[in-house]
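*Asks:* Next up is a structure, given as structure tokens.
The values are calculated or read from the model by the stated rules, or taken from the named source; none is laboratory data. No experiment lies behind these values; they were computed from the predicted model shown. Cβ sites come from the backbone with ideal geometry, for glycine too, and all protein chains shown count toward neighbours.
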Amino acid sequence: MPETKTYTGGCHCGRVRYEVATDLAMVMECNCSHCSKRGLLLTFVTPDKFKPVAGDGGLTDYQFNKKMIHHLMCPDCGIESFARGKAPDGKEMVAINVRCLDGVDLTALSPTPFHGRDM
Ligand SMILES: [Zn+2]
């Protein structure tokens, strides 16, 4: 079983930094128009597992389609290191861009395809 660890992560320039507790058991590669262009690899956590350390204010908030998710980009470097949204049951969720976590071997992950394009 994967172990829950506290990972650090953030955007490229360092303005946005956060800590997140996750086991990376489920990493999703979504084929929707937005995720496929960005190449996002996402894992979802509840807000209590997510701790903004720096730069949580003043982010560029991009929304599209059903506007369920706030895609939050660093205004300086443009990287979307996390997003906030609601699960289908209405619970608040934070989507973590696994590519923005420090020290994660992306080649060791086997992302689960998610057909966001059809939703
Ligand atoms: Zn940045």
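*Asks:* Could you please find all residues in segment 40-62 being modelled with pLDDT under 95 and surrounded by fewer than 13 Cβ atoms within 10 Å (Cβ to Cβ)?
*Replies:* Gly57, Gly58
*Asks:* Please verify whether segment 16-25 includes one or more residues that are within 16 Å of the ligand (Cβ to nearest atom), assigned to a loop (DSSP other than H, G, I, E, B) and either in contact with a Ser or Thr (Cβ under 8 Å, 6 or more places away or on another chain) or not β-branched (Val, Ile, Thr) (or both).
*Replies:* So in segment 16-25, the residues within 16 Å of the ligand (Cβ to nearest atom) come out as 16-18.
If we keep only those that are assigned to a loop (DSSP other than H, G, I, E, B) too, we end up with 16.
From what's left, either in contact with a Ser or Thr (Cβ under 8 Å, 6 or more places away or on another chain) or not β-branched (Val, Ile, Thr) (or both): 16.
The answer is yes; a qualifying residue exists.
*Asks:* Right, something else. Are there any pairs, at least 6 apart or on different chains, whose C-beta atoms fall under 8 Å, with the first in segment 8-29 and surrounded by 14 or more Cβ atoms within 10 Å (Cβ to Cβ) and the second at pLDDT below 95 and of a type in the set (Asp, Glu), and if so, which?
*Replies:* Going by the 8 Å Cβ cut-off, the qualifying pairs are Val16/Asp56; Tyr18/Asp56.
*Asks:* Being away from the ligand (no atom under 11 Å from the Cβ) and among the polar types (S, T, N, Q) is the filter; apply it to segment 49-92 and report the residue that is farthest from the chain's Cα centre (by Cα).
*Replies:* By that ranking, first place goes to Asn65.
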